[in-house]
Amino acid sequence: MTLSINTNASALVAIETLDATQTSLSNTENVVSTGKKVNNASDNAAAYSISQQLSGQNSGLSAVNDGLTFAAQVVNTTTTAVSSILTDLKSIQGLVNTLTNNSSSSSSISDTSDSITQTLNAINVIARNATLNGVNLLVNSATDGVGIQGTSLTYLTSLGGDTNVISGLHTEISGAMTSGALGTSFTYAAGSGSSLTDALGLTTGLASSDAASANIFVTSGNSLNTTTFASGAAGSTAQQMVALIEQAITAMTTIASKLGSNSSIISSMSSFGTTLSDNITQGVGALTDADMSAASAQLTSLQTKQSLAIKSLTIANSQSQSILSLFQ
C-alpha cells in the first residue's frame with residue numbers, strides 16, 4: 001500500500017463505519033428513551049400514518065365516553081329525584097286516606113291538607129333541584145329554576161355521530177296521567193302551571209319556582225273538593241281521590257322505567273366505548289412500541305461497535321505518523 005499524507009484509505013473506511021454506527025446508535029438511544037420504534041414518519045411512514053389515525057379515533061372515543069359519563073350522571077340525578085318523588089306520592093296517598101276518613105272534622109282536614117301541601121311543595125323542590133350542570137329533565141322550561149339552562153339531554157353514542165335524546169319528561173308525565181282510567185265522570189286535568197305537581201294534576205296554576213300553598217283535594221274552606229271529585233258513576237269522592245294519586249304514582253313509575261332504560265343503554269355504550277378504546281390503544285402500541293429487550297441488546301452491540309470503530313480510526317490515523325520516520 002502506498003503511503004500518502006493526503007489520502008488515508010484506512011481512516012476513511014473507519015470514519016464511514018463510525019458515522020454509520022453513530023447514526024444507528026442515535027436511533028437506538030431514541031427508541032430506548034421513548035419506548036417507541038416509530039416516533040415520526042421517517043421511522044416507518046405506513047405505521048406512523050396508521051397509528052396517527054387510530055390515535056385520532058381514540059381521542060374521539062374519549063370525548064364520546066366523557067359525554068356518556070355526563071349523561072349517566074344526569075340520568076342518575078333524575079332517577080334519584082324520581083325515587084324521592086315516588087316516596088312523597090306514597091306519603092300523600094296515606095294522607096288522602098286520612099283526609100277522607102276524617103272528612104267530618106274541618107280541623108283534621110286542615111291539618112292533613114297542610115301536610116299534603118307541604119309534601120307537594122317538597123316534590124316541586126326535588127324536581128327543580130334535580131339539576132346537573134344546568135340540565136334538568138323534570139321541569140317544563142329553562143326558566144323554571146335558578147341555574148337551569150336546558151330541559152333535554154342529547155348525548156353521542158358513537159363516533160359516527162349517533163345520538164340519543166331524553167326530553168319532554170314533563171309532557172310525558174301529563175300523558176301518562178291521561179292513559180289511566182280514572183273514572184267515567186272524573187276526568188284528569190293538568191294544572192295550568194309549569195310545576196311537576198301541576199303535570200300530575202295535584203295542584204293548579206303553580207309554577208315550578210313557586211311554593212305550593214294549596215292542593216286539589218281540599219278547598220280554601222277546609223272541606224273536601226267535591227266539585228272536582230264529584231261522587232257519582234266514577235265512584236265516591238274518596239275513591240276518585242285515591243284513583244288520582246295512584247295514577248300519579250303510576251305516571252312517575254313510568255318515568256322511572258324510562259330513565260332506567262336509558263341508564264342501561266348509557267352503561268352498555270360506555271362499557272363498549274372503554275373496551276374499544278383499550279383495543280385501539282393496544283393496536284397503536286403494536287405498531288409503534290419497541291421491543292425493549294431487543295433494543296437493549298442492540299444498544300449494547302452498537303456501543304461495542306462504536307468503541308471498535310473509534311479504536312480502528314485511531315490505528316488508521318497512526319499510520320500517517322509512520323511517514324515521519326522516513327525523514328529522520
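The values are calculated or read from the model by the stated rules, or taken from the named source; none is laboratory data. Please read these numbers as outputs of a predicted model, since none were measured by experiment. Glycine gets a Cβ as well: all are built from the backbone with ideal geometry, and neighbour counts include every protein chain shown. SASA here: full protein model, heavy atoms, side chains in, ligands and nucleic acids out. Shrake-Rupley method; radii C 1.70, N 1.55, O 1.52, S 1.80 Å.
Applying the selection to the range 276-298, what residues are assigned to a helix (DSSP H, G or I) and open to solvent by less than 70 Å² (accessible area, probe 1.4 Å)? Before you say what the answer is, go through the steps one by one.
As a first pass, look at the range 276-298 and keep what is assigned to a helix (DSSP H, G or I): 276-288, 292-298.
L276, S277, I280, G283, V284, G285, L287, T288, A294, A295, S296, A297 - these are the residues of the range 276-298 that are assigned to a helix (DSSP H, G or I) and open to solvent by less than 70 Å² (accessible area, probe 1.4 Å).
If V139 satisfies all but one of (1) closer than 17 Å to N76 by Cα; (2) out of contact with any Lys or Arg (no Cβ under 9 Å at 6 or more places or on another chain); (3) among the hydrophobic types (A, V, I, L, M, F, W, C), what's the number of the condition it fails?
Here V139 clears every test but (2).
Got a number for residues in the range 192-211 being in a helix (DSSP H, G or I) and touching a residue at least 40 places away in the same chain (Cβ under 8 Å)?
First, the residues of the range 192-211 that are in a helix (DSSP H, G or I): 196-199.
Add one more test, that the residue is touching a residue at least 40 places away in the same chain (Cβ under 8 Å), and what stays is 196-197, 199.
Total satisfying the criteria: 3.
Of everything in the range 299-326 that's surrounded by 14 or more Cβ atoms within 10 Å (Cβ to Cβ) and among the small types (G, A, S), which residue is nearest to L25 (Cα to Cα)?
This residue is S301.
For the range 6-50, which residues satisfy the criterion of being in contact with a Ser or Thr (Cβ under 6 Å, 6 or more places away or on another chain) and either open to solvent by 60 Å² or more (accessible area, probe 1.4 Å) or hydrophobic (A, V, I, L, M, F, W, C) (or both)? Spell out how you get there, then give the answer.
Step one: list which residues in the range 6-50 are in contact with a Ser or Thr (Cβ under 6 Å, 6 or more places away or on another chain), which gives 8, 14, 36, 38.
Matches in the range 6-50: A14, K36, V38.
Taking the range 11-33, which residues are among the polar types (S, T, N, Q) and without any contact (Cβ under 8 Å) to a residue 40 or more places away in the chain? Steps first, answer last, please.
Step one: list which residues in the range 11-33 are among the polar types (S, T, N, Q), which gives 17, 21-24, 26-28, 30, 33.
Correct list: T23, S26, N27, N30, S33.
Which one of these is under 18 Å from S84 (Cα atoms), free of Cβ contacts under 8 Å to residues at least 60 places away in the same chain and open to solvent by 60 Å² or more (accessible area, probe 1.4 Å): S257, S264?
Answer to the check: S257.
Considering each residue of the range 107-152, count those that are at pLDDT 85 or above, open to solvent by 10 Å² or more (accessible area, probe 1.4 Å) and more than 27 Å from F217 (Cα to Cα), and give that number.
5
Look through the range 176-217, keep the residues that are over 25 Å from V82 (Cα atoms) and surrounded by 17 or more Cβ atoms within 10 Å (Cβ to Cβ), and return whichever of them is modelled with the lowest pLDDT.
Among those residues, the one meeting the criterion is G183.
Every residue in the range 64-116 that is without any contact (Cβ under 8 Å) to a residue 40 or more places away in the chain and either aliphatic (A, V, I, L, M) or within 29 Å of E172 (Cβ to Cβ) (or both), please.
Selection gives D66, T87, D88, S91, G94, L95, S115.
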